[in-house]
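What follows is a single structure, written as structure tokens, with notes after it.
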Amino acid sequence: MPRPRQFDEAEVIAAARDQFWRRGYAGTSIDDLTAATGLGKGSLYGAFGDKRELFLRALDAYIGERMHRVRDELRDPRRPACDRLTRHLRAQVAATCADTTRRGCMMANSAAELGDSDPAVERMIGRAYREWGALLAECIGEAQRDGAIDSRRDVRSLATVVLAFLRGQEGLRKGGVKPAQLKAGVEEMITLL
């Protein structure tokens, strides 16, 4: 009979997530994961299968947390749609600017590293970006109905532009662009909308 697990699975996944987030999939070894999680190789393999499966679990947990925040920001029933959209843009850029180590978004990093070579990663991230885009489109459409955004503009196209802007801001930050410039950029994007 197998022994019961002596660890908190969510804590192990969080520790692995932070390791993968910091070093990437290829840059993270099994030894790195054992050091980060405190588990031996046998326990890691026994609980998670292999490095890739642990990575997929960590990425899935990250995406779940990230998309939960996005949904909360864009669907807050206490605020008008334009205010929700504006707050979302500012919050995303503020988080990007607060990332002093410039590790970026694990989802974006994983897409860049593995999106074209690992179908499971591509599906996970693609699903998240489709949801994010749909949430943006929903909020923009509501803001159009409220008269805050020009109703002649295509909702899906605007949502794509906003999502590309947010992902681009992160790429700029990772490349060394200063927070003041990113914050000025988000204010311009808000004005353009």
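Can you spot a residue in the stretch 83-101 that is in a loop (DSSP other than H, G, I, E, B) and either at positive phi or at pLDDT 95 or above (or both)? No: zero hits. Listed conditions (1) more than 22 Å from Gly27 (Cα to Cα); (2) buried (at least 19 other Cβ atoms within 10 Å of the Cβ) are all met by Pro179, apart from (2). For the stretch 72-82, a residue qualifies if it is part of a helix (DSSP H, G or I) and either farther than 20 Å from Leu193 by Cα or without any contact (Cβ under 8 Å) to a residue 24 or more places away in the chain (or both), and the qualifying residues are Asp72, Glu73. For the stretch 102-118, check the following and say yes or no: at least one residue is in contact (Cβ under 8 Å) with a residue 40 or more places away in the chain, of a type in the set (D, E, K, R), outside any loop (DSSP other than H, G, I, E, B) and loosely packed, with under 14 Cβ neighbours inside 10 Å. Taking every residue of the stretch 102-118 in turn, none turns out to be in contact (Cβ under 8 Å) with a residue 40 or more places away in the chain, of a type in the set (D, E, K, R), outside any loop (DSSP other than H, G, I, E, B) and loosely packed, with under 14 Cβ neighbours inside 10 Å.
Residues are listed down the side, and each one gets a yes or a no for (1) of a type outside the set (A, V, I, L, M); (2) more than 23 Å from the chain's Cα centre (by Cα):
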{"site": "Gly38", "(1), (2)": "yes, yes"}
{"site": "Lys51", "(1), (2)": "yes, no"}
{"site": "Leu54", "(1), (2)": "no, no"}
{"site": "Ala95", "(1), (2)": "no, no"}
{"site": "Arg102", "(1), (2)": "yes, no"}
{"site": "Glu113", "(1), (2)": "yes, no"}
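Filtered by the rule that a residue be without any contact (Cβ under 8 Å) to a residue 24 or more places away in the chain and either small (Gly, Ala, Ser) or part of a helix (DSSP H, G or I) (or both), the stretch 154-175 gives Val155, Arg156, Ser157, Val161, Ala164, Gly168, Leu172, Gly175.
The values are calculated or read from the model by the stated rules, or taken from the named source; none is laboratory data. Model, not experiment: these values are computed from the prediction. We place every Cβ from the backbone using ideal geometry, glycine too, and count neighbours over all the protein chains shown.
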